[in-house]
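J.: Let me begin by handing over the structure; questions about it come next.
Values quoted throughout were computed directly from the atomic coordinates according to the rules given, and no laboratory measurement underlies them. Not measured: the values here are computed from a predicted model. Note that we place each Cβ from the backbone using ideal geometry, even for glycine, and neighbour counts take in every protein chain shown.
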Amino acid sequence: MISHRILVIGVGSIGERHVRCFGRTDRCDVSICEINEPLRQTIAERYAIGSAFGNLADALNDPPDAAVICAPAHLHIPMATQLAEAGVHLLIEKPLSVGFEGIERLFALVQEQNLTAAVAYVSRMNPALAAMREAIQSGRFGEPLQIVGLSGQNFPLYRPAYREIYYNNRATGGGAVQDALTHLMNSGQWLVGPMTELAADAAHLALEGVDVEDTVHVIARHGAVMGSYALNQHQAPNETSITVVCTSGTARCEFHRSRWVSAANGTTVSSRRRTGFWMPSREMPNRLAHSPKVGIRYRPTWPFCRRRTRTPGRRFRRHSTTKWRLKRKRRMIPRRCQKAPSLALQAFIYDETINRHGDKTRFATWNNRRFNNSST
């Protein structure tokens, strides 16, 4: 049932994604506003958009419930102010602006109109980062001492049109700082508090066809917490991580693996297997059936697994075919993995390295031996 009317302003790469995702919810009626007529017509036809406007004034003749601003960054504040005056709730793509002008007035309007407004720093919606933040704030690892953010991506592969879009000009929100580093630093402030001091070094090193910076290093202070952030947009691996070092342990969120891991002081990461494998509930349930891709089924609670003695003083647990099922394989479960069912399964999966090789799935086992398991 449609209950909301959403206006997406600017339907370039990120704007089109908003249109697609809002449309798939089946809970809203999406309209678009785009000054580029060929692009506007293409998106309207592709997603069966009923209302497509060429300017914001026409779109506000019948104001929507909420608007998503995906225009170049220098237009964010003027557009947001115009929408707030019309009583429209706001989601503004980052960065909020390329300067400070107009921000205080927009903030006052949002409060006066009792509107909901947010900047799209979407890492705060990442369940793994949210779970890690909750653990840090609970005092589980002690007081934060240091935070380290690292990020890299090959822009020519993931954003091949970077030369033709806003990215090629700092005035429209381009460059590595405004386009990407603000995500990393915003996540850092969400974890350990606001920045009080910073120093930065940025340069254009590799990307062809643009002059804006593609590599940035920042050292910062979040109050008493020391921080450093490094980002580039030309390395081969697509990876992002944030590590928080505390007085009693360390936590790391690996965005490219959709997980967070931790270790208490004096232990290794793999021994802290409670936090190694993320699930929505943050706990692995006792009854779990994994996809054929992984090929593991865990059914009963742990005490039902058999215990055998191979030689005096050397005992191990071996799953029966009705307990653990591994296609055409039987697996030895190490003693260090025997304490609890959820933790045992969690640690087992966390330490698996899964790589696809045609119709085969290769697993790296606890003792670094490898075996092949056919996929279905």
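J.: Can you tell me what percent of all Cα-Cα pairs in segment 139-218 are more than 15 Å apart?
T.: Numbers: 1951 of 3160 pairs.
Every Cα pair in segment 139-218 considered, those over 15 Å come to 62 percent.
J.: Give the residue list of GluC sites (Glu not before Pro) in segment 96-162 that are DSSP loop and have at most 13 other beta-carbon atoms within 10 angstrom.
T.: Values: sites: GLU101, GLU104, GLU112, GLU134; in loops: GLU101.
Within segment 96-162, the qualifying GluC sites (Glu not before Pro) (loop, at most 13 other Cβ atoms within 10 Å) are GLU101.
J.: Select from segment 130-180 those trypsin sites (Lys or Arg not before Pro) which occupy a DSSP coil region and have at most 14 other Cβ atoms within 10 Å, ordered by residue number. Kindly include the intermediate steps, with their values, before the conclusion.
T.: Numbers: sites: ARG133, ARG140, ARG163, ARG170; in loops: ARG140, ARG163.
Qualifying residues, ordered by number: ARG163.
J.: Out of the GluC sites (Glu not before Pro) in segment 178-221, which ones are loop residues according to DSSP with at most 12 other C-beta atoms within 10 Å? Numbers along the way, then the final one.
T.: On the way: sites: GLU197, GLU208, GLU213; in loops: GLU208, GLU213.
When the GluC sites (Glu not before Pro) of segment 178-221 are filtered for loop state and at most 12 Cβ neighbours within 10 Å, GLU208 remain.
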